[in-house]
Structure formats: structure tokens, C-alpha cells
Ligand SMILES: Cc1ncc(COP(=O)(O)O)c(C=O)c1O
Ligand SMILES: Cc1ncc(COP(=O)(O)O)c(C=O)c1O
């Protein structure tokens, strides 16, 4: 068992003061901090192996290609893809979803078809579908969310029909932390023949995910939310579906041969990786996967659940603090409001105490509307947080109430 | 004046041995090596400022946002954009061109319209237009290349017509190094009312570029080819055109408000930057711009031209070596073939001597066909190379001839 | 790091908690809506003006302490001012918050926001009402601080 | 780093410089084309087979030394072999180049390529002709090493 201090020691950014107070980073749902091993992997890539990949015979290029492809294999193993080729490197979860929207949905959908999402989606899992609807004439259906922040299963079921061509939902909500029953939802969707997309941006940094077991068609991953670098993420897709799909962008590396008369696409996954990819980003993500494997999802989840229940207790004990969407099955996210104190002011005052939380609509405006709010405060945890962090959060909120409440 | 050694010292990856011999890196057209200051900027970002941007009130998020936006301003200043908002961060030149193809061309082009490119384009400046042609019914026209590798201006002019809606060409060819007269070509294109795209992937790491002076509509930049990290590049576009364009991807940060009924796009450039961008990548690119400003394009160009003429001399003196496309206006690229020795074998044998060059079609298959070749060898320079590197290249080629010639 | 008390001066928190000019102006001649996507705030500014003079002005909508207090104090200070004077005040206020190169002369009720300059993320909160005012006066009706 | 001489053995360079089986087989019963995008090589393999026996086999196209020598030696070795034997030889050859866990028994003419294993980027060159052979025999006619 690794100690709290040992884990926290691996994250250099945590060891700094903000305005004289030790930083308490509670914004991991926006992006996680990076362990030293990830930073070192990037540095080492640039200092030793930096080269372009796939087409080079020289040593650096071979090393870079191997590191990049090894990272693909690491991700495939982590999320239980059936082969490395099912993992496509993209910029992040947003690009993964747009790739599906433009590469799979746009050429296939038409007037009368329906796309089903939920009320708790991140804008990245709403807007790409709105764009596809606009482009194809399909329409967007939205399953309701219960008062406790869980998905309204009846609403979800009642919206599934013969017309539902695609179903897309968050594995874990970024705004309130709800964990959706991915496998169950995919089974329901499949009964009506719909293609399934799971937005796993908030999942893979926190809990074991198995793509093959969930049995969805596509799974979107965000590297920077799972201890990896910015600018890298993955679309995991069933091989047969990826094969059928048109490419996403045109350019180098995604083609077999090019002539002005005819161009032949390369194989999956290269067909979807036009141009020089974020090589160092993939290498860093590979290191992040190693980090997760080393710590273990078991440790990560246990720690986060501990922090969550501790956090709920601390916040509930403060007069005027209200938890938003605190469902049973919840990841390490505390969404809350403070009576008479606007979230934006809470954010500023907490920052002044060295406590970093996020405030606003969390790119989930429709969910905010669902709760009749324009904004909330959000404290989100990762394995490097401690119960002292929660205490600091509680004290800082009380300070905010003192100043403005 | 900075000495050769001082410049080379700034690049850690250059100081290593490959199979017992000091590395000679002559593959900068594929990707440049990274100066320590760029690597340090990335490390420092992750160790000190790492946070998500734009929507956070806490200190790290403010710092990250500032670093990211400062990088945008640095790029804008470097390439003479008229305001920072004209710079959109993308993954690389390939994504920049695809963004124009899908965001500008696809909704505007139709049957009968023509896109004009040249025979020397990189696949990234061919395939996106083929895809648009397929999608819209427009057709692709291709201006010829002269035997010396320069653009056939008569061919270019003769293909311009009322039907030409878009003209796209490389500022500098990656395969043979030809520098195209960008301003002149844009002027000609504009006379027929065409929108102009310049693929500057091979330009900004080597010579002063002024977007406003060239007066093109769009300019594509590749970060990793100008000392910056992988996974970052820029589309520079005229503000008014960017404003008219539809967004590229949907997601967080690119919208002002989202509801299931109506979504309002954010302003330029955010409209085009959906999801979490490659924040550390942008910061690294900002550092690369500082590096360029410090060394100065003057020094860089002078050095590269010196290496080019030295390289041409050395190669011409070897029996059986043939230079391909060695035009007057040429960047630091030596394309060549060796009699009876296939480029792939040359590449392996050179690598064995520690000399890294690229071999193959250089993602420019149509240009290879133009010269009746299936592959060439390419040695490409940057400011960190020296005339000793050229000597090592010459010796290694002679070794290849000895083994296989 | 700057002092939180510079940001939340007593006059600011007082107007934030008990805004005097919240509501809608009757017989309104100008209306503008503003939006700060950063905090989700939306604001509606209504104005009753005659012969270029602002007779009454109110704001409506929820916002953070800084934006509420700023809207409230803006409304108080603008009553009786001409539209031209209002624009000059806007410029002064904007300069106060963003430009530390030159000292800006502004009425005391606006000067309480000078602390905001040290909190760059909050500048948009303080200026939202003013941007909305300008768009109302210029009759395009919509403002955003992003 | 491995020794270059292991890669370019004399038999390899000899067959690369003077291929014996370059050309097209008359009365060809099977044809396959292969492509290695890495080096741009394209290859056409033609076969004359009868009753499951390869009577003649040739290759055409330009390629690097490794791919040319490999194609040439493959052609030499397969003449007179059955199609089934050819497939077994392919497996053995493939194992020789990619699998260092177990020693593979192959004819001496193929064993000269064992050095390629130390040059992973060149494995595709050595196997291109063989992949093309298999696709010719299985009649789908197109092979690529990527
Ligand atoms: C649930 C959810 N989906 C999608 C995204 C977008 O991910 P990325 O930042 O990798 O584009 C996020 C993160 O912002 C998220 O929380
Ligand atoms: C001329 C040219 N255009 C476009 C590209 C693609 O650039 P990127 O690797 O940034 O996608 C390259 C580089 O490979 C290039 O050399």
C-alpha cells in the first residue's frame, strides 16, 4: 500500500504555495495534475528519441515509432480493447466524439433518425450531435436526470425506439460525478439496433473500464484527465466499424497511395491519424497508463470514495451549503452551492486560501438549467488528494460565507 | 553572432551516439529537434502551472490561460498576423488545411468549381482537397513543376480561371525544398477571385514569413517543424473570413451558450478550438517562437543556405549521386538518388554511420511520379547543423556505394 | 497575491447584498442584455432616457457580488447623466480596471472597484453591466464579456 | 547496433544486383501485386502452376536490395515446390524474421535473411515478395506490407 504522502510526492505541481498557502488542488475533473514519470517521459522523448514516425528508417525514427505504438498498446490493454488497432489517437475526448459524429454519423443519418443523449452531458457530447442533426435532418432526444443526479432510466427507455440510430452518454458526469450504468444502457440501446457511444472522459482516470465488456461501439478517452499530457486522447472503436468508416482528415500517413486520380486509404487506425500526431503526447499518455497500472484502480477508487464521503460530510455540516446531484453511484466530484454567495465569488475566495476549485456551468449548461442554476461550485478529487484537503475546503467555504454570506 | 557549437549545445537530442558514432541529424524537414528552452517550458508548465484554461478562476488556471494566450500572441507577432485572434491552435499543418477544407470550402463549393494546387504538394495539401471535391463535385487542377523543381508559372497561370474558387500551394516544398513565390501566386489567384491557402509547414522554421504581406487568406503552420512540440500547429486566417466560417468541431469552449434548442458559437478564435486544446503544446510553441526570435531568421537562413551550397557541392562530387529538383530558390533540403542503390538501402547504411536522413516518397507521391521515381533520399537542414555534418553525409554515401553500388 | 479585502470592499458587498436598483424601468427607452459565460451570469439593463438624458436605469438578473455591485452602482451613478457622459464614465471605468499605466479619474462610487484590477478573471464581472449599458445605448441590444 | 554486414551478406547483394528471376512468367496461372508504402516499392509476382505444383515463378518491379534479393531467392527456391510447401516456407521465413523466441529451420537460401531481424524497419522489405506470393496464390491479388 502506497502512502498518501508518497503518492502526492509524485506530483510536482502540488508542492507549491498560492498566496502563501499550500496549494489544495480540487479541480481534477477539469484536468489532473501530472506525475513526475509522465513529465519525465515527455522530456526523455524530446531529449533522446525525438523524430517523426512511421516512415523513417533511421534509429530515432524507429525509436519514436516504437514508443508511439507501444503507447497505443498500453491504452488498448488498459481499457480492454480487443486489439491495439482499435485505439485511435486524437487530441482529446472532444475530437473523439467529433470524429464519430462526422466520420460515422454524418454519412449514415437522415431525416427521421434520432440521436439519444442525456441531460447531464458535457457540451462536447451535445454540440457535435447538434451539428450532425443540422447536417442530416436527424433529431436530438434527451433523457432526463433525476433530482439526485442519477439518470432517469424510464425516460431513457421511453425515448429509445426504432428511430434511434445512435445513443451517446457520459460514463461519468463531469459536473456532478454521476456514474452511469454503461453496460446496461448499451444493452438497452442495442435492443433497438442503435450504435452506442460512451463518453469516458471522466472515467478512465478514476475506475477500471472494459471496452469489450461494456460492449459499446465507441468509447472516448481524454488523456489529460487521466494523468496524461494535454493534446492527446483516444477514440476506441470496434474494429469492424472503424474499417467501414470514412477517414476523418486527409493528409500524410493516413493513405496508402496518392495520385491525383485515385487515393487509397491506409488501414485502421492510421486511416484516422492524418498528419504528424502528438507523438510526445502519446508517449506521455503511455507513461500515465503505466502510472495507473502501478498505483492500481483499486487504490484510486477507494481513495476517491473515501474523499467523497468525507467531503459530503464536511460540506453538509456547513450551514447554507447545498450539495447538487449527490447520487449513490458517484465519482469523486462534489457539486455544491453556497447560500447568498455566487459560485464565482466562492471560487475567488477559495483561491485566495490556496484552494483551487472550478465554478461556473462546467460545460454542462443544460444540466445547470435542469437544476435551475446558472452555476455551481465543483470540487473534484484524484488519488493525490487527502482528507486535509477536504478540511481546507471546508474552512475556506466558511470564510466565503463570512465575507459575503 | 552565436557560434555553431553554442547553437548545437541548445539541442540535447543532438548529443548522442548512434551505434558508436555521433548522431548527425539531417531529417529536420520531417521534424526539427527541440531546444532545451522548449523542453523546459513544457516541463515547467506541468510542474508549476498545469490547469485547464479559460473557465477557471483559480490561480493555476489563470496562469495556464495566460501562457496559452501569450503563445497565441507570440505566433501572431512572428508571422505578422494583424491580431492574435487570427491565430487558431490546431494539431499541425494537416489539421489546419483540413479545417479550411471542411470549414470553408465544403459548404461553399459546388459542381463546376475548381481547386488549384501544384504537383509538388505534400499529401496533406492534396487529400483534404480530394475529399472536398468528392463531397461537393468540385474538381482538382494541378499546376506543373519544372525539371529543376521550381513551379511552372505558365502552367499555374493557365489553370487559373473564373472557375477557380480556391488556390492552395506549399510555401516551401518538403520533398525538394523549392521556395514558391507566395505573394506573387496569391496576387495571381486573387485576380480571378480565388481564396488563397498557403501551406507554410516547411517555411516558418526557416525563414521570415509575413502573413499580412503575402496577403493570403489562410496560412498553415506546423509547430513541430519549427522547434516546437508535436501536436501543435496553427491556422492563421483573415479575421473576416474566420468570422464567416462555420466551426470545425463542436464541444466545450467553442460555444457561448448551449441549450438543446439553440447553441450560440463563441467568438473567433475560440469557435474553432473545441475541447481542451494542447495547452502545454501551445506553451512549448511559444517558447519555440522566442527561440527563433533570439537566434533570428537572418542567422537561420544564412546558415541553411551555406549548408545547402556546401551539400550540393559535396554530393555533386560523388560519382553516381544525382540531385533532384535543385532549384535556385531553395530551402535547406537536398533530395538525391544514388545509382544502383535504392534509397531505402541508403537510409539503412547511413543510419549505421549515425547519419539520419529520410528516404521514401516524403508524402509527396505525385511529385515522385513527376520525376519518374518511386523514392528519393532527403537530407534536410536546420540551424543546428554544421558543415561537418555534410562531410559525414558524403562519407556515408560513399560507404553505401561501396556496399551496394 | 493581492488582498481579498481590496476586492470585497464594504461598499461592494453592501451593494451586492442589497442592490438598490434591481428591477425594470417603466417606460423604458433602451434595453440591453449581457452575458458572462465564465460565471453564467445574465443581466438585463433597462433605461428611460429623454433628450439624451438618463432619467432612470435599472438592472435585472443574478450575478456574482462584483457584477451585482457594479451594476447597482453604475445605475445609481448614471441617473441624471447624459448619454455622452455615461460613455465617458464607461471609458474611465474600463481604464481603471484594465490599464495600470495611467491613473484614471473616476467617481468614488466607481473607484471602489480599483481592486478588481488585481483579479484579472473578475474584470469581466465588473464590466458586464457597463458593456450591456453601451449595447443598450447603441441599440444592438446584446453584450457578452467573452 | 547490429552489424551492417549481417544484413547485406554477399548472397543478398549478389541477388540484389543481378536478379535471376526478374520478369514475367508466360502462361501464368496466378498473379499478385504487392506494395510497400515505406519505400515506395511495388512488385508483381507471376506464377505458372499445375496440379498444385509451381512450375515457374518470377517477380517484376523495382525495390531495395533486401526486397529484390528476397523476391529473387524466393522465386528460385519455390520452383518445383507445391503450393502447400510454399505456404509452409512462408511461415518459416516469417518466423525467422519476426520471432526470435524459437529457432526456425529454413533452407540456406532463406537463412541469409536472418540478419534482417535486427533491422525491424527492413522486415517488411524482406517479406513483401512473400506476402505478394500468398495473395497471388489465394487469388485476391493485392498485398501490402503496411
Ligand atoms: C464528460 C466530458 N466529456 C468530454 C470532455 C471533453 O474532453 P477533452 O477535454 O479531452 O476534449 C470533458 C472534459 O472537459 C468531460 O468532462
Ligand atoms: C509541406 C508540408 N505540408 C504539410 C505537412 C503536414 O504537417 P503536420 O505534420 O504539421 O501535420 C508537412 C509535414 O509533414 C509538410 O512538409
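Could you tell me what fraction of 2.2 N^0.38 Å the Cα radius of gyration of chain B comes to, as a two-decimal ratio?
Working: Rg = 21.7 Å, N = 405, 2.2 N^0.38 = 21.5 Å.
Rg over 2.2 N^0.38 Å, computed on Cα atoms: 1.01.
Rounded to whole Å, give me the distance from the Cα center of segment A:249-328 to that of segment C:46-83.
47
With an 8 Å cut-off on Cα pairs and a minimum separation of 6 or more residues, tell me the relative contact order of segment A:182-295 in percent.
Averaging sequence separation for qualifying contacts and normalising by length gives 20 percent for segment A:182-295.
Order these by the 10 Å Cβ neighbour count, fewest first: A:53, C:88.
Neighbour counts put them in this order, fewest first: C:88, A:53.
Report the per residue volume, in Å³, of the convex hull enclosing the C-alpha atoms of chain D.
It comes to 98 Å³ per residue, whole-number rounded.
For segment D:30-80, what does the equivalent ellipsoid look like in terms of its semi-axes, each the square root of 5 times an eigenvalue of the Cα gyration tensor, given largest first in whole Å?
On the way: eigenvalues 97, 27, 8 Å².
Rounded to whole Å, the semi-axes are 22, 12, 6.
Roughly speaking, what % of Cα-Cα pairs in segment B:90-139 are separated by over 18 Å, rounded to a whole number?
I get 25 percent for the Cα pairs in segment B:90-139 exceeding 18 Å.
Can you tell me, using C-alpha contacts under 8 Å and at least 6 residues apart, the relative contact order of chain D as a whole percent?
The value is 31 percent.
Across bins of 5 angstrom width beginning at 0, how are the C-alpha pair distances of segment A:291-351 distributed, in whole percent?
Reading the bins upward from 0: 4, 15, 22, 20, 16, 11, 7, 4, 1.
Pairing the Cα long axis of helix A:387-404 with the longest principal axis of chain A, what angle in degrees results, from 0 to 90 and rounded to the nearest 10?
60
What FRET efficiency comes out for the pair residue B:40/residue A:21, r = Cβ-Cβ distance, R0 = 22 Å, nearest 0.05? Intermediate values should be presented prior to the final figure.
Details: r = 27 Å, r/R0 = 1.22.
E(calc), rounded to 0.05, equals 0.25.
Considering segment A:1-124, what Rg and Dmax in Å follow from its alpha-carbon atoms?
So, for segment A:1-124, Rg and Dmax equal 20.1, 59 Å respectively.
Starting from the Kirkwood Rh over alpha-carbon pairs, what translational D in µm² s⁻¹ does segment C:40-118 have by Stokes-Einstein at 25 °C and 0.890 mPa s?
Translational diffusion coefficient: 184 µm²/s.
Could you tell me how many degrees, from 0 to 90 and to the nearest 10, lie between the Cα long axis of helix A:279-295 and the main elongation axis, the longest principal axis, of the Cα atoms of chain A?
It works out to around 50 degrees.
Please average, across the residues of B:30-43, the number of beta carbons from any other chain that are within 10 Å of each residue's own beta carbon, and give a whole number. Could the numbers behind the result be given before it?
Values: counts 9, 10, 2, 5, 6, 1, 2, 0, 1, 8, 1, 0, 8, 7.
The mean count of partner-chain Cβ atoms within 10 Å per residue comes to 4.
With runs of 4+ DSSP H residues as the only contributors, calculate the mean residue ellipticity of the protein assembly as shown at 222 nm using -39,500 (n - 2.57) per run, divided by the residue total and rounded to the nearest 500.
Estimated from H runs of four or more residues: -11500 deg cm²/dmol.
List the extent of the Cα atoms of segment B:198-336 along each of their three principal axes, largest first, rounded to whole Å.
That works out to 71, 29, 26 Å along the principal axes.
Could you list B:351, C:72 so that the one with the fewest beta carbons within 10 Å of its beta carbon is first and the one with the most is last?
Working: B:351 28, C:72 23.
Ranking B:351, C:72 by Cβ neighbours within 10 Å, fewest first, gives C:72, B:351.
Round to the nearest 0.05 the FRET efficiency obtained for residue A:154 and residue B:244 when R0 = 45 Å and r is the Cβ-Cβ distance.
Efficiency at R0 = 45 Å is approximately 0.50.
Tell me, for the rotation carrying A onto B, which chain A residue has the beta-carbon closest to the axis and what that distance is in whole Å.
For chain A, the closest residue to the axis carrying it onto B is A:231, 2.
Give me the one-decimal nm value for the distance between modelled label points at residue C:101 and residue C:139, 7 Å along each residue's Cα-to-Cβ direction.
Placing both labels 7 Å along Cα→Cβ, they lie 3.5 nm apart.
Hey, with R₀ at 35 Å, roughly what FRET efficiency would residue D:14 and residue B:387 work out to, going by the Cβ-Cβ distance, to 0.05?
Here the calculated transfer efficiency is 0.40.
How far, in nm, would the chain grow between residue D:53 and residue D:6 when pulled straight, counting 0.36 nm per residue and subtracting the alpha carbon separation?
Net length gain for the segment: 13.6 nm.
What is chain B's relative contact order, in percent, from Cα pairs under 8 angstrom and six or more apart in sequence?
22
Using a label point 7 Å beyond Cα on the Cα-Cβ vector, give me the inter-copy distances for residue A:106 in nanometres, one decimal, shortest first.
0.2
With springs only between Cα atoms under 10 Å apart, run a GNM on chain C and tell me which of C:101, C:135, C:114 wobbles the most.
C:101
Between residue A:70 and residue B:319, what is the label-to-label distance in nm when each label sits 7 Å out along the Cα-to-Cβ direction?
Here the modelled spin labels are 4.5 nm apart.
For a quick check: sort A:306, A:213 by the number of other beta carbons within 10 angstrom, fewest at the front. Could you put the intermediate results ahead of the total?
On the way: A:306 16, A:213 11.
Listing A:306, A:213 from fewest to most nearby Cβ atoms yields A:213, A:306.
At 0.36 nm per residue, minus the direct Cα-Cα distance, what do residue A:210 and residue A:82 gain on full extension? Give it in nm, one decimal, please. All intermediate terms of the calculation are to be shown ahead of the outcome.
Working: separation 128, 0.36 × 128 = 46.08 nm, distance 1.00 nm.
Value of the extension gain: 45.1 nm.
Among C:7-19, A:272-284, A:94-106, what's the highest-first ranking by average C-beta atoms within 10 angstrom per residue?
My ranking of the peptides, most packed first, is A:272-284, A:94-106, C:7-19.
Largest first, please: the extent of the C-alpha atoms of the protein assembly as shown along each principal axis, to the nearest Å.
Each principal axis gives a Cα extent; for the protein assembly as shown these are 100, 59, 56 Å.
Hey, for residue A:70 with labels 7 Å out along Cα-Cβ, what do the inter-copy distances come to in nm, ordered shortest first?
Distances between equivalent label points, in nm: 3.4.
Hey, what D do you get for segment A:127-238 in µm²/s if you plug the Kirkwood alpha-carbon radius into Stokes-Einstein at 4 °C and 1.567 mPa s?
In µm²/s, the coefficient is 88.
Can you list, bin by bin at 5 Å, the percent of alpha carbon pairs in segment B:237-311, starting at 0?
3, 13, 14, 13, 13, 11, 10, 9, 7, 4, 2, 1, 0
If each label sits 7 angstrom from Cα along the C-beta direction, how far apart, in nm, is residue A:147 from its counterparts in the other copies?
Nearest to farthest, the other copies are at 8.6 nm.
Largest first, please: the extent of the C-alpha atoms of segment B:172-271 along each principal axis, to the nearest Å.
Its Cα atoms span 51, 37, 20 Å along the three principal axes.
What is the angle, in °, between the Cα long axis of helix B:182-191 and the longest principal axis of the Cα atoms in chain B? Nearest 10 is fine, range 0 to 90.
That works out to roughly 50 degrees.
What percent of all Cα-Cα pairs in segment B:61-184 falls into each 10 Å bin, going from 0 up to the bin containing the maximum distance?
Calculated P(r), rounded to whole percents: 12, 35, 33, 16, 4, 0.
Every read-out reported here was derived from the displayed coordinates using simple, explicitly stated rules and does not represent laboratory data. Everything quoted here is computed from the prediction, not taken from an experiment. Counting neighbours? That spans all protein chains shown, and the Cβs are built from the backbone with ideal geometry, glycine included.
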